[in-house]
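One structure is given here, and the rest of the page talks about it.
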Amino acid sequence: MARAIQISAFGGPEVLQGVDLPVGEPGPGQVRIRHHACGLNYIDVYQRTGLYQNPLPLVLGMEGAGIVEAVGEGVAHLQPGDRAAYAAATPGAYSEARVMPAAQVVQLPDGIDFETGAAMMLKGLTAQYLLKRTLPVEGLQPGDWVLWHAAAGGVGLIACQWARALGLRLIGTAGGEAKCRLALEHGAAAMIDYTREDFVARVRDITGGRGVKVVYDSVGRDTFEGSLACLRPFGLLASFGNSSGPVPPFAIGSLGPKGSLYVTRATLFTHIATRERTQEMADELFDVVASGEVKIFIGQHWPLQDVAQAHRALEARRTTGSTVLLP
């Protein structure tokens, strides 16, 4: 048996309930991992509220790190005793231990501790696939301007540093002076406080009226139209989240007069659908962290049993960087 946080109905943080669940043995292609830490992500909120629906009851959590206890038939890249971490398409990280598909679990390098591993996998791989694989038709070159909403969050702070390492000039948005300062300290070239500034006007001012080649937008409904207005001709809006609510339907014909723009709804799990691609992307993430070009900032720690408080803080935008939950 293992302690876990489960929901039996969709709703607010109050639906998160501690339960004891059997763990069992891994079957073919599976692994059993005992968590030392797990990560908190906004996708957990989407699944808790039912915006992204899964069968109930459901143990939430998409990101974790710990020790491999057992492996099933056909699993060759892991063995019992390995330090491991993952970002997984199947929820279940809010637990002391779980059985899960092995394809998205990778060995965690010795130089990266479990809390950092749990804080960096989903967020770091998200920054990686966006900055390296989700690109405008004209590509990105050193010196190009990009816009990143929620730049002081877990994904955002990683992206600020990675963009700087790539030679990109990242304009970030965040709420409040402290969050803007934090993102600048992590490599943002410019920051916009959306609580007191019009981010569209400021982006135009910063870029000399040209706009940016790409906007990376995890906010959704509240920023969508403004994000389009920040793009230069042939620019790309990469929507990868809905923290303010889902983007409403829009007229695709409107993209032409705005500059023959491109829009995509991106998701990490398309990119890590195979073990080989997961390992390739994880290796690149581990390398950039080991080099010191990207440092993982953990702004909050909560005991797993207090995860409802963590959800409330995340939804109220009271968190910075990554949040780690400790079983």
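Descriptive notes on the structure:
- Filter pass, residue 127 being in a loop (DSSP other than H, G, I, E, B), modelled with pLDDT of 95 or more and surrounded by 22 or more Cβ atoms within 10 Å (Cβ to Cβ): no
- Taking the criterion of being closer than 26 Å to residue 49 by Cα, surrounded by 20 or more Cβ atoms within 10 Å (Cβ to Cβ) and not hydrophobic (A, V, I, L, M, F, W, C), the residues of the stretch 59-90 that qualify are 61, 63, 64, 86.
- Matching residues in the stretch 219-245 - criterion: being assigned to a loop (DSSP other than H, G, I, E, B) and touching a Lys or Arg at 6+ places or on another chain (Cβ under 6 Å): 244, 245
- Checking each residue of the stretch 227-236 against the condition of being under 20 Å from residue 172 (Cα atoms), surrounded by 14 or more Cβ atoms within 10 Å (Cβ to Cβ), assigned by TED's automatic domain parsing to the domain that holds residue 144 and touching a helix residue (DSSP H, G or I) at 6+ places or on another chain (Cβ under 6 Å) gives at least one match.
- Scanning the stretch 255-279 for residues that are farther than 20 Å from residue 77 by Cα and assigned to a loop (DSSP other than H, G, I, E, B) yields 256, 257, 258, 259, 260, 261, 266, 267.
Here's the yes/no breakdown for (1) over 13 Å from residue 33 (Cα atoms); (2) basic (Lys, Arg); (3) out of contact with any Phe, Trp or Tyr (no Cβ under 8 Å at 6 or more places or on another chain):
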site	(1), (2), (3)
48	yes, yes, no
65	no, no, no
71	no, no, yes
127	yes, no, no
147	yes, no, no
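- Test for residue 152: is it in the same structural domain as residue 259 (by TED's automatic domain parsing) and within 23 Å of residue 116 (Cα to Cα): yes
- Residue-level analysis places residue 305 among those that are modelled with pLDDT of 95 or more, assigned to a helix (DSSP H, G or I), out of contact with any Cys (no Cβ under 7 Å at 6 or more places or on another chain) and not acidic (Asp, Glu).
- Test: residue in the stretch 29-52 that is in a loop (DSSP other than H, G, I, E, B), surrounded by fewer than 18 Cβ atoms within 10 Å (Cβ to Cβ), at pLDDT below 95 and not acidic (Asp, Glu): yes
The values are calculated or read from the model by the stated rules, or taken from the named source; none is laboratory data. Keep in mind that what you see is a predicted model, and the values were worked out from it rather than measured. Cβ coordinates were reconstructed from backbone atoms using ideal geometry, including for glycine residues, and neighbour counts include every protein chain displayed.
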